[in-house]
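The values are calculated or read from the model by the stated rules, or taken from the named source; none is laboratory data. Just so it is clear, the model here is predicted, and its values are computed rather than measured. In this analysis, Cβ positions are derived from the backbone assuming ideal geometry, glycine residues included, and neighbour counts consider all displayed protein chains.
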Amino acid sequence: MNKRLMFGVLVAIAAVATTSPVFAQAAEAAHAATGNSAVAMWSIITAGFALAIAAGLGALGQGKAIASATEAIARNPSAAGEIRGVLILGLVLIESLSIYVLLISLILFFLKPFGA
C-alpha cells in the first residue's frame, strides 16, 4: 500500500513537471502581448509572498496567544475577564498587521508600481 502511494505521488509530480512548460509558454505569450514590465511582474510575485508570510506568521502568533491565555486562565480563573480583554486586544493587533499587508498587496496588484 505504501509503495502504491509513493508511485502515485511520483506520477503526479511527473505529470505536473511535464505540463508546466506548456502553461508557462502561454503565460509568456500573454505577457509579451500586453507589454507588462518585469517590475510589475515581480511586484505582484513579491506581494503574494508577503501576504502568504504575513498570514502564516499571524496565524502562528494568534495560536500562541490563545494557548498562553488559556493556560493563564486555567492557572488563575479569577482573572479570566482581564486576561480575555488583553487577549482580544492582542488578537486584533496581530490581525491588523495581516490586513496592512493585504492592503499593500492589493495596491501592488492593481496599481502600476514605479510608473511601469
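Would you say I94 is surrounded by 12 or more Cβ atoms within 10 Å (Cβ to Cβ) and free of Cβ contacts under 8 Å to residues at least 40 places away in the same chain? Here the answer is yes, as I94 does meet what is asked.
Is at least one residue of region 90-112 assigned by TED's automatic domain parsing to the domain that holds W42, over 22 Å from the mean Cα position of the chain (by Cα), assigned to a helix (DSSP H, G or I) and modelled with pLDDT under 95? No, every residue in region 90-112 fails to be assigned by TED's automatic domain parsing to the domain that holds W42, over 22 Å from the mean Cα position of the chain (by Cα), assigned to a helix (DSSP H, G or I) and modelled with pLDDT under 95.
Quickly run through region 63-79 and pick out the residues that are part of a helix (DSSP H, G or I) and either exposed (fewer than 14 other Cβ atoms within 10 Å of the Cβ) or among the charged types (D, E, K, R) (or both). Passing the criteria: G63, K64, I66, A67, S68, T70, E71, A74, R75, P77, S78, A79. For A69, the requirement of being at pLDDT below 90 and either under 24 Å from the mean Cα position of the chain (by Cα) or not charged (D, E, K, R) (or both) is not met.
Matching residues to (1) in the same structural domain as E95 (by TED's automatic domain parsing); (2) of a type in the set (D, E); (3) in contact with an Asp or Glu (Cβ under 6 Å, 6 or more places away or on another chain); (4) modelled with pLDDT of 70 or more:
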residue: M6; (1), (2), (3), (4): no, no, no, yes
residue: L10; (1), (2), (3), (4): no, no, no, yes
residue: A17; (1), (2), (3), (4): no, no, no, no
residue: F23; (1), (2), (3), (4): no, no, no, no
residue: H31; (1), (2), (3), (4): no, no, no, no
residue: G48; (1), (2), (3), (4): yes, no, no, yes
residue: L51; (1), (2), (3), (4): yes, no, no, yes
residue: G63; (1), (2), (3), (4): yes, no, no, yes
residue: R75; (1), (2), (3), (4): yes, no, no, yes
